[in-house]
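The values are calculated or read from the model by the stated rules, or taken from the named source; none is laboratory data. Keep in mind it's a predicted model, so treat the numbers as computed, not measured. Cβ coordinates were reconstructed from backbone atoms using ideal geometry, including for glycine residues, and neighbour counts include every protein chain displayed. The protein model used for the area step is the full one, side chains on, heavy atoms only, and it has no ligands, DNA or RNA in it. Shrake-Rupley method; radii C 1.70, N 1.55, O 1.52, S 1.80 Å.
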Amino acid sequence: MTYRIVSDSTSNIFTLPGEIDYKTVPLKILVDGVEYTDEPGLDTEALVAKMEASQWGSSTSCPSIQEWLNAFEGADYIFAVTITSGLSGSYNSALNARDIYISEHPEAKIYVVDSLSTGGEMELIIEKIRECMEKDLPFEESVSVIQDYQKHTHLLFTLESLSNLAKNGRVSPAVAKVAGLLGIRFLGRASEEGTLQQAHICRGAKKTLTMTFSEMQKLGYQGGKVRIDHCLNQTNAEKLKNLILADYPNADVKIVPCTGLCSYYAERGGMILGFEDF
Ligand code: X90
């Protein structure tokens, strides 16, 4: 039996350590008529500069059914992880691909995980699937481990601009306008349905970091894993990491740069962090 984890590119993870077979399926970013594929080798910094200077507009698109199918090809037991179905068609494409793949390979098993989230929280889910596979857990048992784990992971994000989210209809222009003011940052969380929910409006970088940490604790953080994904903001990601480690010195906290799709929506300075509540 061949096991495989497949994720769309919004997990910001293109490779996994260890032996588990892992593939990613790219989303695409269209800026001024040029299409960028969110895959290894994409220059995120150049992409961000292009989108900031864009004159003719920009948009994104989710993976096609065929792209998911290609990534499934050759594996028997597959876990596919997608960005929230509340904001993208990626989950739906993956479900369609699953049905086609199973009809052609009736012995195969595929579980498509709607992360109801993105970035850092997807990474945590992928790491948990990897653990299940390394332990050789039966497929159905792994499914229930993952479902249970998802009840104990959360996503917070801080954004300096919501203009790409608003342009593409993912938040209301009124909300985007407030966050667009100079020095104002939007601190939000993933809602139960996997959509953006405002937690606070913060003034200044320092205040945003302390508010983020206190919001993590309100959501139950007590020293578990944290994955801080950021768009060109290593400095504040490290400050947040240090803030967490000051209270929880043994916490497993990792900083991960956003690749193309998350960079496009998080925009320069944005952070998307996933964490456990145990
Ligand atoms: O299908 C597509 O074209 C992709 C659409 C993705 C839209 C939103 C991506 C958001 C990325 C922004 C903050 C995190 C919000 C997550 C709430 C669940 C990052």
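What to note about this one:
- Residues in the range 85-116 that are out of contact with any Lys or Arg (no Cβ under 7 Å at 6 or more places or on another chain), within 16 Å of the ligand (Cβ to nearest atom) and within 17 Å of Asp148 (Cα to Cα): Val113, Asp114, Ser115, Leu116.
- Subset of the range 141-168 (residues that are in contact with a Gly (Cβ under 6 Å, 6 or more places away or on another chain) and open to solvent by 40 Å² or more (accessible area, probe 1.4 Å)): Glu160
- Meets criteria (of a type in the set (Gly, Ala, Ser), within 30 Å of Glu52 (Cα to Cα), within 12 Å of the ligand (Cβ to nearest atom) and open to solvent by less than 20 Å² (accessible area, probe 1.4 Å)) for Gly119: yes
- Residue match in the range 185-193 (condition: over 27 Å from Ile126 (Cα atoms), in contact (Cβ under 8 Å) with a residue 24 or more places away in the chain, open to solvent by 10 Å² or more (accessible area, probe 1.4 Å) and not in a helix (DSSP H, G or I)): yes
- Some residue of the range 20-30 being within 14 Å of the ligand (Cβ to nearest atom) and either free of Cβ contacts under 8 Å to residues at least 24 places away in the same chain or over 22 Å from the mean Cα position of the chain (by Cα) (or both): no
Results for (1) aliphatic (A, V, I, L, M); (2) open to solvent by less than 20 Å² (accessible area, probe 1.4 Å); (3) outside any loop (DSSP other than H, G, I, E, B), shown as yes or no for each residue.
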{"site": "Tyr36", "(1), (2), (3)": "no, no, yes"}
{"site": "Pro63", "(1), (2), (3)": "no, yes, no"}
{"site": "Glu67", "(1), (2), (3)": "no, no, yes"}
{"site": "Ala75", "(1), (2), (3)": "yes, yes, no"}
{"site": "Ile78", "(1), (2), (3)": "yes, yes, yes"}
{"site": "Ile100", "(1), (2), (3)": "yes, no, yes"}
{"site": "Ser103", "(1), (2), (3)": "no, no, yes"}
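- Scanning the range 122-155 for residues that are part of a helix (DSSP H, G or I), among the polar types (S, T, N, Q) and within 16 Å of the ligand (Cβ to nearest atom) gives a single hit, Gln150.
- Whenever a residue of the range 232-248 is modelled with pLDDT of 95 or more, its partners that are open to solvent by 80 Å² or more (accessible area, probe 1.4 Å) and part of a loop (DSSP other than H, G, I, E, B), lying with C-beta atoms within less than 9 angstrom and at least six residues away or across chains, give the pairs Leu232/Arg268; Asn233/Arg268; Tyr248/Gln222.
- Ser214 within 16 Å of the ligand (Cβ to nearest atom) and hydroxyl-bearing (Ser, Thr, Tyr): no
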